[in-house]
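K.L.:
Below you'll find the structure I mean.
What follows is calculated from the coordinates using simple rules that are stated; it is not laboratory data. The model shown is predicted, which means the values in this text are computed figures rather than measured ones. Cβ sites come from the backbone with ideal geometry, for glycine too, and all protein chains shown count toward neighbours.
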Amino acid sequence: MSFQPTFPGLFSPAQGAQPVQTDAPLPATEKQIAYATTLAAKSGDPLPDGITADRAALSKWIDAHKAPAPQGRFSDYPSSKQVAFAERIARLKRNPVPPECFKDRALMSRWIDSNKPR
């Protein structure tokens with residue numbers, strides 16, 4: 001038989017769960033502000049007033065104003081950082097990276113996710 005301690009008033013059913021205050025948006029990070037300022041200078045569009053007070057709004061502004069990713073012959077290839085990380089995992093697990101992963105970014109990402117050491 002186990003002893004179940006009771007703590008009156010600690011978990012009152014009338015109280016219920018208290019929601020986390022989500023009224024105020026998080027402020028933008030220093031890196032976001034620096035990147036947005038650089039984008040604004042390059043494009044000639046000024047940053048909207050007060051946008052640095054809202055992280056999500058600044059992120060949307062950055063996405064709308066940043067240059068699109070280059071589309072070319074090698075745009076679907078994995079990045080050098082992906083390849084290096086996959087090769088480190090392969091050495092740790094003593095399991096080679098399949099050759100087809102070196103030609104497809106999504107395939108390499110899936111291989112990394114499924115072989116990542118936990």
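K.L.:
Please turn the phi angles of the stretch 87-101 into ³J(HN,Hα) values with the Karplus equation 6.51 cos²θ - 1.76 cosθ + 1.60 (θ = phi - 60°), one per residue in order, whole Hz, x for glycine and proline.
P.N.:
5, 5, 4, 4, 5, 5, 8, 6, 9, x, 6, x, x, 5, 5
K.L.:
Next up: Kindly state, to the nearest 0.05, the FRET efficiency for Arg55 paired with Ser79, given R0 = 25 Å and r defined as their beta-carbon distance.
P.N.:
0.45
K.L.:
Just to verify a number: FRET efficiency for Gln71 and Thr29, C-beta to C-beta distance, R0 = 30 Å, to 0.05?
P.N.:
0.55
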